[in-house]
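Working notes, structure below.
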């Protein structure tokens, strides 16, 4: 079980500091919600941690390993799993083929071998069983032979979580996992996150705007505002803090 730590993590775009010296640690067995108004730097912070965006300054460590110079693919192999606001799938492959590739990647990573995407799956009964079990968990077993491009948005979101589960990361990073999902679809994703949270060896980071979801799932909340970490603590205390009230009331007034 490894702690995820960011030290002085910063990114600048020209003269604009989008994430400003964020130092924070995330412990296994804890779900931390990252909240803040639009433009606060939440997704940018995720991008810096997962390697989609290079930092201007600062470091990212998982346990005793410095990930700061690794690309996103290297950080995934090191144990960081990331689900995006927009789906990140293979649209011209079937649902089952997508999950198979993720299961194969996890197996090959564990064995420290190069990824062979086109292995003969009939020779790998255990991997097929693992893929089938994940699809059953995510309620997509009945759509395993459909092309991903033909799936509705909610099912694509569920499939991305399935692929993340298949990779078996140490850290799960969810960026607004129910975005674009209807009221019937969202509970499946939230239930999966609850089940992942029950595994006390895993660290979960969640960017989420829906405060009812945050209240239900989070053990801890950190708040970003203008790229700066401004609050960190248990959900009740942080939600009641003046800076959170002001930030979210401000968003509500603009929306109105």
Examine region 93-109 for a residue that is more than 19 Å from residue 136 (Cα to Cα), modelled with pLDDT under 90 and outside any helix (DSSP H, G or I), and state whether such a residue exists.
no
Which pairs turn up if I take residues in region 1-17 that are over 30 Å from residue 200 (Cβ atoms) and look for partners that are part of a loop (DSSP other than H, G, I, E, B) with beta carbon separation below 8 Å, at least 6 apart in sequence or on another chain?
10/55; 10/56; 11/53; 11/54; 11/55; 11/56; 12/56; 17/227
Restricting to region 197-218, give me the number of residues that are surrounded by fewer than 16 Cβ atoms within 10 Å (Cβ to Cβ) and part of a helix (DSSP H, G or I).
3
Inside region 3-35, can you point out the residues that are part of a loop (DSSP other than H, G, I, E, B) and either within 17 Å of the chain's Cα centre (by Cα) or not assigned by TED's automatic domain parsing to the domain that holds residue 226 (or both)?
3, 27, 28, 29, 30
So, in region 140-191, how many residues would count as being at pLDDT 85 or above, in a loop (DSSP other than H, G, I, E, B), more than 16 Å from the chain's Cα centre (by Cα) and buried (at least 18 other Cβ atoms within 10 Å of the Cβ)?
2
When both residues are 6+ apart or on different chains and their Cβ atoms are under 7 Å apart, which pairs have a first residue that lies in region 187-205 and is not assigned by TED's automatic domain parsing to the domain that holds residue 44, and a second that is modelled with pLDDT under 90?
none
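Just need a number here: residues in region 36-67 that are in a loop (DSSP other than H, G, I, E, B) and surrounded by fewer than 17 Cβ atoms within 10 Å (Cβ to Cβ).
Matching residues across region 36-67 total 7.
The values are calculated or read from the model by the stated rules, or taken from the named source; none is laboratory data. Source: prediction; values computed, not measured. Every residue, glycine as well, gets a Cβ built from its backbone with ideal geometry; the counts of neighbours run over all protein chains shown.
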